[in-house]
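First comes the structure, then the notes that go with it.
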Amino acid sequence: MIINIEGVNSRMIANNLTASQPMHPGELLKDELEARGISQKAFSEEIGIRPSIISEIIHGKRSISIEYAMLFEAALDIDADFWLKLQSDYDKEVVKANKSFMQRLNEIRKVAAFL
């Protein structure tokens, strides 16, 4: 156990905690559309993409690409970089949850430490 000066376990500090399941940015898109009273169908028509694409994003089956982020920005006035950062953070958390990949990284780090 690692204790800092104030006697708080560093693993319990909010900045050091990770979600058990990363939140896909599509969940935030769904919440935003609902808060504005916009249906997925109306939104997809407004930005000119198939309703199935919006559904896939909302259900975490499709990533938010740069193109989609820019369309969302135009329609919702929420910066494209915000959507892309959410997607990037989500993707990173998914990779970090992959134990075999993380073991591979650790092995590479061990070898690199000797170079």
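Each peptide in 54-64, 27-37 gets a packing score, the mean of other Cβ atoms within 10 Å over its residues, and the list from highest to lowest is 54-64, 27-37.
Accessible surface comparison of 82, 72, probe 1.4 Å, protein chains only, largest first: the order is 82, 72. Bridging of residue 61 to lysines at a Cα separation below 17 Å is possible for 30, 92, once same-chain residues fewer than 8 apart are set aside. Probing with 1.4 Å while keeping every protein chain in the model, the per residue accessible area of region 17-69 equals 61 Å².
On full extension, the segment bounded by residue 104 and residue 81 gains 5.2 nm, given 0.36 nm per residue less the C-alpha separation. What translational D, rounded to a whole number of µm²/s, comes out for region 35-115 from Stokes-Einstein when the hydrodynamic radius is the Kirkwood one over Cα pairs, at 4 °C and 1.567 mPa s? After rounding, the answer is 87 µm²/s.
The values are calculated or read from the model by the stated rules, or taken from the named source; none is laboratory data. What you are looking at is a predicted structure, and each value in this text was computed from that prediction instead of being measured. Don't worry about glycine lacking a Cβ; one is built from the backbone with ideal geometry, like all the others, and counts go over all protein chains shown. Please note that ligands, DNA and RNA were not included when accessible areas were found on the heavy atoms of the full protein model with its side chains. Shrake-Rupley method; radii C 1.70, N 1.55, O 1.52, S 1.80 Å.
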